[in-house]
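The values are calculated or read from the model by the stated rules, or taken from the named source; none is laboratory data. Please read these numbers as outputs of a predicted model, since none were measured by experiment. Cβ: placed from backbone, ideal geometry, glycine included. Neighbour counts: every protein chain shown. Heads up: the accessible areas ignore ligands, DNA and RNA and are worked out on the full protein's heavy atoms, side chains in. Shrake-Rupley method; radii C 1.70, N 1.55, O 1.52, S 1.80 Å.
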Amino acid sequence: MNDIQKMDADWLVFHQNPKMPDFILPEGAVDAHCHVFGPSAEFPFAPQRKYTPCDAGKDQLFALRDHLGFTRNVIVQATCHGTDNRAMVDACRASGGMARGIASVGADISEAEIADMNEAGVRGVRFNFVKRLVDATPKEVFLIIADKIKDFGWHIVVYFEAQDLEELEPFLKQLPTTIVVDHMGRPDVAKGVDHPDFQRFVRLMTENESIWSKVTCPERLSPQGPPYEDAIPFYAEIARRFPDRILWGTDWPHPNMKSHTPDDGALVDYIPKFAPDPELQQKLLVDNPMRLYWPDRLIG
Ligand code: 0GY
């Protein structure tokens with residue numbers, strides 16, 4: 001065991017008593033974007049991290065899953081763990097097949113290491129371009145990684161902010177796998193859906209069928225704050241246009257929130273506000289994530 005690493009003084013700990021959602025999730029729903037942090041005594045945070053969070057381990061994640069009514073999780077490696085994927089892999093292994101993982105790896109990753117993570121349930125890697133979270137990785141490095149993971153059938157999750165998409169577009173088009181964009185590429189909600197930055201993202205998805213989007217994180221994108229009404233048009237636009245290429249997740253335990261601690265039950269209640277149609281909800285919460293992460297469990 002290691003020492004517990006002390007969280008940042010301004011860290012907002014996740015909601016301790018989220019409400020029971022009013023929206024009843026469809027059977028077999030997947031929380032397709034969440035993280036585990038440590039616990040740091042067992043899985044220390046990485047030396048190169050940009051923040052030190054509270055502990056938020058797999059048992060707490062699985063308890064939240066059950067409380068909200070989800071069946072499965074996709075656990076995305078958080079930057080505070082760098083390329084040390086042990087906490088995420090441990091959670092996947094402990095889930096009894098009910099969690100998949102997205103890893104962060106370096107270009108020196110070996111085929112045996114990929115195979116081992118694949119066996120644990122990892123199905124992709126994350127490339128992060130958000131400057132406050134990571135030091136920049138050369139695109140050549142990402143291309144080497146992409147080449148190594150593609151034959152495992154893995155995909156690539158990318159995290160960037162709207163103003164960086166123009167520069168990133170040629171690179172994204174070079175990637176050889178399905179691409180999943182975190183949080184719709186973080187549009188500036190104050191600018192409205194017609195702003196060229198968001199329309200660039202819409203166009204990117206229109207023109208590239210291999211690009212998916214997570215319709216996640218109104219708590220991050222909404223300048224108004226709860227109940228995040230100002231962000232609804234963005235989610236509705238992506239969900240309406242690309243019903244077969246969207247995913248939803250809680251983003252628990254909500255790293256780097258500064259304005260407020262979101263209630264995960266209220267986040268679930270947000271889903272029907274932008275996806276009111278039960279058929280769309282079924283795609284968003286079950287069919288799409290199952291196709292990407294558990295294709296072997298699909299019937300027919
Ligand atoms: C998110 C968003 C954030 C952080 C991370 O890996 C991370 O550290 O993803 C953020 O700070 O915007 O998706 O959890």
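When DSSP beta bridges are limited to those with both residues in the chain, what percentage is antiparallel, rounded to the nearest 5? Can you show the working numbers first?
On the way: 1 of 24 bridges.
So the antiparallel bridges amount to about 5 percent of the total.
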Mind ranking 157-163, 41-47 by how tightly packed they are, going by the mean number of other C-beta atoms within 10 angstrom, highest first?
157-163, 41-47
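May I ask you to compute the full-extension gain from ARG241 to GLN224, defined as 0.36 nm times their residue separation minus their alpha-carbon distance, rounded to one decimal in nm?
On the way: separation 17, 0.36 × 17 = 6.12 nm, distance 2.50 nm.
Length difference between fully extended and current span is 3.6 nm.
Provide the net charge surrounding GLU167, with neighbours chosen by a C-beta distance below 13 Å and charges set as Lys +1, Arg +1, Asp -1, Glu -1.
Values: positive: LYS131, LYS139, LYS173, ARG200; negative: GLU161, ASP164, GLU166, GLU169, ASP197.
Local net charge: -1.
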Roughly how many Å is it from the Cα centre of the range 130-162 to that of the range 35-94, as a whole number?
20 Å
Please identify, among ILE75, ILE24, ILE211, the residue showing maximal mean-square fluctuation in a Gaussian network model of the chain using a 10 angstrom Cα cutoff.
ILE24
Spatially proximal lysines relative to LYS258 (Cα-Cα < 23 Å; intrachain offsets below 8 disregarded)
LYS6, LYS19, LYS50, LYS131, LYS191, LYS214
Counting only heavy atoms of protein chains, what accessible area per residue, in Å², does the chain have with a probe of 1.4 Å?
42 Å²
Testing the spin-label approximation: label points 7 Å from Cα along Cα→Cβ at VAL193 and GLU166. State their distance in nm.
2.3 nm
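Using a 1.4 Å probe on the protein heavy atoms, what percent of the accessible area of the chain belongs to carbon and sulfur?
Numbers: 6410 of 12670 Å².
Ligands and nucleic acids excluded, carbon and sulfur reach 51 percent.
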Take the Cα radius of gyration of the range 30-294 and divide it by 2.2 N^0.38 Å, with N its residue count; two decimals is plenty.
0.93
